[in-house]
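The values are calculated or read from the model by the stated rules, or taken from the named source; none is laboratory data. Please read all numbers here as calculations on a predicted model, not as lab measurements. We place every Cβ from the backbone using ideal geometry, glycine too, and count neighbours over all the protein chains shown. Protein only, heavy atoms only, side chains kept; ligands, DNA and RNA dropped before computing areas. Shrake-Rupley method; radii C 1.70, N 1.55, O 1.52, S 1.80 Å.
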Amino acid sequence: MLFTLIYSLSLLWGGLILMLVFLHVCIDLPPAKRRRTLTGTIVSGAINAALIGTAVGLTVFRLYVFLST
C-alpha cells in the first residue's frame with residue numbers, strides 16, 4: 001500500500017516537472033512561421049486538458065483506493 005502511495009505521488013510530481021520542462025522549452029523556441037488558427041488552439045487546449053485531467057484523475061483515484069482500504 002505504501003508503494004502505491006509513493007508511486008502515485010511520484011507520477012504526480014514527475015508530471016508536474018515534465019510540464020515545467022516542456023513549458024520552458026516552448027518559451028525558448030523561436031516563433032513558428034505559420035500562426036495557429038483558432039480551431040487549432042481550441043483542439044490543442046482540449047487535448048492538453050484531457051491528458052492532464054486523466055493524469056490527475058488517476059492519481060486521485062489511486063489515492064482514494066489506497067486511503068479507503
- Message: I'd like to check something: does the stretch 17-26 contain any residue that is modelled with pLDDT under 75, surrounded by fewer than 10 Cβ atoms within 10 Å (Cβ to Cβ) and assigned to a loop (DSSP other than H, G, I, E, B)?
- Response: no
- Task: Can you work out which of the residues in the stretch 1-16 that are more than 17 Å from the chain's Cα centre (by Cα) and within 22 Å of GLY53 (Cβ to Cβ) is modelled with the lowest pLDDT?
- Result: LEU5
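Criterion first (at pLDDT 90 or above and open to solvent by 80 Å² or more (accessible area, probe 1.4 Å)) does LEU51 satisfy it? Don't jump to the end; show me each part of the working.
Working: at pLDDT 90 or above: yes; open to solvent by 80 Å² or more (accessible area, probe 1.4 Å): yes.
Judged against the criteria, LEU51 is a match.
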- Query: Does any residue in the stretch 49-61 that is in a helix (DSSP H, G or I) come within less than 7 Å, Cβ to Cβ, of a residue that is surrounded by 11 or more Cβ atoms within 10 Å (Cβ to Cβ) and not charged (D, E, K, R) six or more places away or on a different chain, and which pairs are these?
  - Reply: ALA55/GLY15; THR59/SER8; THR59/LEU11; THR59/LEU12
